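Below is one structure, written out as structure tokens; the observations come after it.
The values are calculated or read from the model by the stated rules, or taken from the named source; none is laboratory data. If you're wondering where the values come from, they're calculated on a predicted model, not measured in any experiment. Backbone-built Cβ (ideal geometry, glycine too); neighbour counts: all protein chains shown.
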Amino acid sequence: MENRKKNDEKMKITRRDLLKGAAVAAASTALSGPFNLAHAANEIRVGLTLSYSGVYAMIAKRVENGVKLAFAQSKYKDQVKFFIEDTQGKPNVAIEKAQKLFDKERIHMLAGPIAGHESLAVSEMLKPKKKLMLLSYGANIKLCGESCSRYTFLCGHTPWNQSYPAVDWFLKDLGKRVYLIGADYSTGHEIVKFFKEPFEKKGGQVVGSFFAPLGTTEYAPYLAKIKSASPKPDGVFGFIGGNDLINFIKQYDEFGLHKENIPVIVGIGGFGIVILPSMGDAAIGHYHLFHYSLWLENKENEAFKAAYSKMFTGETVDESVVLGYEVGTMMVKGLDEAGGNAEDTEKVINGIEKVDYLSPRGRIKMDPNHVANVPIYIFQVQKKDGKLSLRVAANTGNWGTPYSGPDAPGGECKMSK
């Protein structure tokens with residue numbers, strides 16, 4: 001009986017303590033709750049799903065840095081929070097990670113994956129959900145046309161404007177015979193296709209071609225085909241990127257093809273400042289097609305380089321950084337249109353559709369199919385004062401990607417909300 005009385009007394013004390021604690025918690029919420037809610041409402045949550053492992057690992061972190069720099073320069077620098085996931089370069093993983101960030105982390109917008117086969121898969125998943133994605137790379141040609149989406153923006157380049165603009169230059173400056181090469185996935189095939197068709201129509205001849213799997217380390221069988229090609233090509237054109245391009249260029253030199261003065265020309269800026277040291281003199285004389293270089297001379301580029309060096313001490317900008325920076329810049333411009341309200345996706349989109357500004361790349365605007373219209377340059381690797389760098393061999397003008405009519409490479413874009 002005495003024990004029951006003590007237990008009852010303990011229960012009473014516990015209930016009193018609970019009631020007292022609840023009252024304190026309520027008072028605390030009354031004082032601090034509105035501030036916390038306002039802070040949460042103003043938070044801008046940005047996801048990044050990039051290939052932090054695999055062939056594009058060296059690109060991912062630099063894209064991330066570029067996005068962060070754009071926000072650091074904006075009025076939203078104290079509101080933004082980043083959520084990062086590795087896609088491993090696999091479409092199924094990219095979809096899974098994007099879903100996780102939107103559903104679990106409640107991000108407002110996504111800087112999407114690097115490879116074209118990933119980006120198309122993620123865009124198709126996000127379209128019915130009306131979730132916003134901006135791409136630095138990952139420009140699957142279908143996203144420019146039949147698979148275009150109000151909720152996907154291509155801020156960098158496309159396989160079409162990384163191949164077609166080189167045709168006239170090649171025929172004029174190099175010759176009429178080409179050997180075509182590509183990484184064996186959608187982007188590699190598309191870049192080759194969009195060069196080959198107009199090249200042949202204008203009198204050029206394709207003397208051979210190959211597609212190598214991503215992650216190829218031994219190119220001897222492919223290089224043997226180039227060496228034995230008859231007639232001899234005036235140049236090798238296509239797309240191989242990242243670590244694969246390092247291996248290809250070094251082995252190209254070892255095979256003696258470099259000495260035969262057959263230049264390699266790749267789309268999507270293969271010979272960036274981060275990669276060049278790994279290639280060494282084997283890269284001299286080769287070309288790439290792209291819309292940016294560290295060595296472009298304009299005031300926006302000088303300011304950009306200075307800001308990046310200050311934020312990321314000891315690092316140098318390259319095309320990956322500037323593409324991340326453009327994604328971040330367009331996100332910021334979209335937020336400006338929405339009055340800083342990241343929850344208002346439709347107004348953010350309206351703002352991105354209106355972009356027209358001078359960037360480190362030159363003048364940038366957004367075409368109706370949500371593909372950035374950008375300047376396209378042809379750069380050549382040179383060695384000056386003992387250092388490798390890029391010079392502008394040609395400025396081909398500003399290019400988007402056709403999205404209607406028979407010449408639309410990705411089919412017709414029918415944008416709908």
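Tabulated results
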{"item": "For residue 289: the one exception among (1) free of Cβ contacts under 8 Å to residues at least 12 places away in the same chain; (2) closer than 20 Å to residue 139 by Cβ", "result": "(1)"}
{"item": "Some residue of region 127-135 being without any contact (Cβ under 8 Å) to a residue 40 or more places away in the chain, assigned by TED's automatic domain parsing to the domain that holds residue 57 and not basic (Lys, Arg)", "result": "yes"}
{"item": "Region 400-417: number of residues that are crowded, with 18+ Cβ neighbours inside 10 Å, of a type outside the set (Gly, Ala, Ser) and either under 10 Å from residue 143 (Cα atoms) or free of Cβ contacts under 8 Å to residues at least 12 places away in the same chain (or both)", "result": "2"}
{"item": "Selection from region 364-417 of residues that are under 20 Å from the mean Cα position of the chain (by Cα) and among the hydrophobic types (A, V, I, L, M, F, W, C)", "result": "364, 366, 371, 372, 374, 376, 378, 379, 399"}
{"item": "Failed item, numbered, when residue 169 is tested on (1) out of contact with any helix residue (DSSP H, G or I) (no Cβ under 8 Å at 6 or more places or on another chain); (2) touching a residue at least 24 places away in the same chain (Cβ under 8 Å); (3) assigned to a loop (DSSP other than H, G, I, E, B); (4) more than 17 Å from residue 352 (Cα to Cα)", "result": "(3)"}
{"item": "Matching option when the condition is in a loop (DSSP other than H, G, I, E, B), acidic (Asp, Glu) and not assigned by TED's automatic domain parsing to the domain that holds residue 319, among 218, 190, 197", "result": "218"}
{"item": "Residue match in region 141-163 (condition: surrounded by fewer than 24 Cβ atoms within 10 Å (Cβ to Cβ) and modelled with pLDDT under 95)", "result": "yes"}
{"item": "Lone unmet requirement of (1) assigned by TED's automatic domain parsing to the domain that holds residue 145; (2) surrounded by fewer than 24 Cβ atoms within 10 Å (Cβ to Cβ); (3) of a type in the set (S, T, N, Q) for residue 395", "result": "(1)"}
{"item": "Qualifying residue in region 81-90 (condition: without any contact (Cβ under 8 Å) to a residue 60 or more places away in the chain and aliphatic (A, V, I, L, M))", "result": "yes"}
{"item": "Meets criteria (more than 26 Å from residue 132 (Cα to Cα), in the same structural domain as residue 381 (by TED's automatic domain parsing) and surrounded by 15 or more Cβ atoms within 10 Å (Cβ to Cβ)) for residue 275", "result": "yes"}
{"item": "Among (1) under 18 Å from the mean Cα position of the chain (by Cα); (2) part of a loop (DSSP other than H, G, I, E, B); (3) not aliphatic (A, V, I, L, M); (4) not assigned by TED's automatic domain parsing to the domain that holds residue 95, the one test that residue 203 misses", "result": "(1)"}
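Condition check ((1) of a type in the set (D, E, K, R); (2) more than 13 Å from the chain's Cα centre (by Cα); (3) part of a helix (DSSP H, G or I)) across all residues:
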residue	(1), (2), (3)
89	no, no, no
93	no, yes, yes
96	yes, yes, yes
100	yes, yes, yes
106	yes, yes, no
119	no, no, yes
122	no, yes, yes
129	yes, yes, no
